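Read the structure below first, then the notes.
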């Protein structure tokens, strides 16, 4: 029987790379994104399906039930500002999209996984799920929360054949990161062309951005039968950032 993977934020960046990789692994992929055109393009490319959804509208997810074998929680946004200037509405948006929504999707998917005695939850966290950086209070808080969500899911899912893990990339070459460059330059008072070297890669031993396909390769492993004993963990893919 062909397994089904649901990938949120699948219309671009990491999510699109994951959708392509899992489809290549033989899974049927559902590409979830609020951008209908982007989701449709990726779904058509991989022979999958689309789910056009605004995951920040968490009230609409409370009665959801999902039939998927692999759930990849990837959707996210970023806002960069000092705490005293951080818009409370942006803080709440990020918590809804990047913590409350993953909880509701896990909640919706577990009954199906439990019934089948097999499931994989892969949460795309971040090095910021393990370390903090200035000016990213909402993102860091949400990713730290995702780490806890993932570990509890691992403990509860273990008797049912369900694993749950986090993937923790450093800065990945995606539209989300590219949009941060101007904000980071303004906040830190440096030219945009210095942001990648002086801000994004300053803590990494390997001085380059992570490629989306590298993240997708790790997700592929965690979603496989070979990873049956891997659960409750956080896998860094950050060029040595968190080794310090």
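Those residues that are closer than 15 Å to residue 97 by Cβ, touching a residue at least 40 places away in the same chain (Cβ under 8 Å) and out of contact with any strand residue (DSSP E or B) (no Cβ under 6 Å at 6 or more places or on another chain), I need them from region 138-170; list them, please.
Listed by number, the residues that qualify are 138, 139, 141, 142, 143, 145, 149.
In region 149-170, what residues are within 16 Å of the chain's Cα centre (by Cα) and over 19 Å from residue 8 (Cβ atoms)?
151, 170
Out of all the residues in region 200-222, is one or more in contact with a helix residue (DSSP H, G or I) (Cβ under 6 Å, 6 or more places away or on another chain), modelled with pLDDT under 95 and either loosely packed, with under 15 Cβ neighbours inside 10 Å or over 16 Å from residue 102 (Cβ atoms) (or both)?
Scanning region 200-222 turns up at least one residue that is in contact with a helix residue (DSSP H, G or I) (Cβ under 6 Å, 6 or more places away or on another chain), modelled with pLDDT under 95 and either loosely packed, with under 15 Cβ neighbours inside 10 Å or over 16 Å from residue 102 (Cβ atoms) (or both).
Return yes when residue 120 is surrounded by fewer than 18 Cβ atoms within 10 Å (Cβ to Cβ) and closer than 15 Å to residue 150 by Cα and no when it is not.
The answer is no for residue 120.
Out of all the residues in region 128-139, which are outside any helix (DSSP H, G or I) and under 23 Å from residue 34 (Cβ atoms)?
Of everything in region 128-139, just one residue is outside any helix (DSSP H, G or I) and under 23 Å from residue 34 (Cβ atoms), namely 136.
Listed residues 93, 71; which is modelled with pLDDT of 95 or more and surrounded by 18 or more Cβ atoms within 10 Å (Cβ to Cβ)?
Step by step, each of 93, 71 is checked, and only 71 is modelled with pLDDT of 95 or more and surrounded by 18 or more Cβ atoms within 10 Å (Cβ to Cβ).
At least 2 residues that are within 19 Å of the chain's Cα centre (by Cα) and within 20 Å of residue 175 (Cα to Cα) in each: list the helices (runs of 4 or more DSSP H) lying fully within region 29-127 that qualify.
Output list reads 36-46, 88-95.
Limited to region 192-244, what total is found for residues that are assigned to a helix (DSSP H, G or I) and either touching a strand residue (DSSP E or B) at 6+ places or on another chain (Cβ under 9 Å) or closer than 30 Å to residue 120 by Cα (or both)?
Number satisfying all stated conditions: 17.
Among residues belonging to region 169-190 that are more than 25 Å from residue 243 (Cβ to Cβ) and modelled with pLDDT of 85 or more, point out the one that is surrounded by the most Cβ atoms within 10 Å (Cβ to Cβ).
Once the filter is applied, the top-ranked residue is 190.
Give 11, 26 a once-over and let me know the one that is at pLDDT 95 or above, touching a helix residue (DSSP H, G or I) at 6+ places or on another chain (Cβ under 9 Å) and either assigned to a strand (DSSP E or B) or within 22 Å of residue 218 (Cα to Cα) (or both).
Just a single option satisfies the conditions, and that option is 11.
Might you check whether a residue that is at pLDDT below 95 and either on the phi > 0 side of the Ramachandran plot or surrounded by 15 or more Cβ atoms within 10 Å (Cβ to Cβ) (or both) occurs anywhere in region 152-159?
No - not one qualifying residue is present in region 152-159.
Considering every residue within region 22-39, establish whether at least one is under 18 Å from residue 214 (Cα atoms) and crowded, with 24+ Cβ neighbours inside 10 Å.
yes
I'd like the full set of residues that are part of a helix (DSSP H, G or I) and more than 22 Å from residue 81 (Cα to Cα), limited to region 153-191.
Listed by number, the residues that qualify are 153, 154, 155, 156, 157, 158, 159, 160.
Would you check which residues across region 73-112 are without any contact (Cβ under 8 Å) to a residue 12 or more places away in the chain and closer than 22 Å to residue 16 by Cα and list them?
Correct list: empty.
The values are calculated or read from the model by the stated rules, or taken from the named source; none is laboratory data. Note that this is a predicted model, so its numbers are computed, not measured. All Cβ positions, glycine included, derive from the backbone under ideal geometry; neighbour counts span all protein chains shown.
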